[in-house]
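Let me begin by presenting the structure, written as structure tokens, before commenting on it.
The values are calculated or read from the model by the stated rules, or taken from the named source; none is laboratory data. Every value quoted in this text rests on a predicted model; they were computed, and no experiment measured them. Note that we place each Cβ from the backbone using ideal geometry, even for glycine, and neighbour counts take in every protein chain shown. The accessibility values were calculated without ligands, DNA or RNA, using every heavy atom of the protein model including side chains. Shrake-Rupley method; radii C 1.70, N 1.55, O 1.52, S 1.80 Å.
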Amino acid sequence: MKVSRRAALSEDERLDALGRLLTDAEIPMRLRVAGVIVLLYAQPVSRIVRLSVEDVIRVGETVLLRLGDPASPVPAPVADLLLEHIANRDNMNTATNPASRWLFPGRRAGQPSRPDHLSALLNEVGVPATAARGAAIRQQLLELPAPVVADALGYHDKTTSRLIREAGGTWSRYAAGDHTDDHAHAQTCARGT
């Protein structure tokens, strides 16, 4: 099988694809959800198929998706789609899969969907997974510091740092960590106590 590499989608292409997945009920639900996870959270399909229903966390009305630490908030229209998908997942009616915990159960007992199969299906509905993922991670890195993106999305911080340099982002001097103690210490020092 020949693998073709495509440049990341433009931001307009990414947003168009996202809008189509959120509104087009003709697209199968599992593809809509998987595509949204790629387009919003820059997740590779190989990781998406390993997500379980336990990775979708409900705290009152808030829905979070555990991709890294902390879990990422899921915006309302995406949360609705995700919860509907969980309630009506494919491949749950076979004798071997009735209790599957995979977010994207496969046809084989206890196994998730195959990443190559899901990726091909996403491509068929206009979401080239690798190009969409590239666009999503670059957008995240333009909006947030690389260490924050790395933690929240489960990326290695060296990867996000390299990508932010390539994208020409402005977060190159962000110092990761909890700065509340430093601020309190600075205030204490300024007061002379």
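I'd like to know if the stretch 9-32 contains one or more residues that are closer than 19 Å to G126 by Cα, surrounded by 21 or more Cβ atoms within 10 Å (Cβ to Cβ) and among the hydroxyl-bearing types (S, T, Y). No. Any residue in the stretch 144-160 that's charged (D, E, K, R): show its pairings with residues that are open to solvent by less than 60 Å² (accessible area, probe 1.4 Å) at Cβ separation under 7 Å, as long as the two are six or more apart or on different chains. Going by the 7 Å Cβ cut-off, the qualifying pairs are D151/G68; D157/A146; D157/P147; D157/A150. A Cβ distance below 7 Å, combined with a sequence gap of six or more or placement on separate chains, defines the contacts here; from the stretch 57-71, residues that are in a strand (DSSP E or B) reach residues that are open to solvent by 60 Å² or more (accessible area, probe 1.4 Å) in the pairs I57/R66; T62/P73; L64/P73. Can you find even one residue in the stretch 88-95 that is at pLDDT 80 or above and open to solvent by less than 90 Å² (accessible area, probe 1.4 Å)? Yes, because at least one residue in the stretch 88-95 is at pLDDT 80 or above and open to solvent by less than 90 Å² (accessible area, probe 1.4 Å). In the stretch 24-48, the residues that are more than 19 Å from R101 (Cβ to Cβ) form Cβ pairs under 6 Å with partners that are part of a loop (DSSP other than H, G, I, E, B) and among the β-branched types (V, I, T), at six or more places apart or across chains, as follows: I27/V125; L31/V125; G35/V127. May I ask you to verify whether L122 is hydrophobic (A, V, I, L, M, F, W, C), modelled with pLDDT under 80 and open to solvent by less than 50 Å² (accessible area, probe 1.4 Å)? No: the conditions fail for L122.
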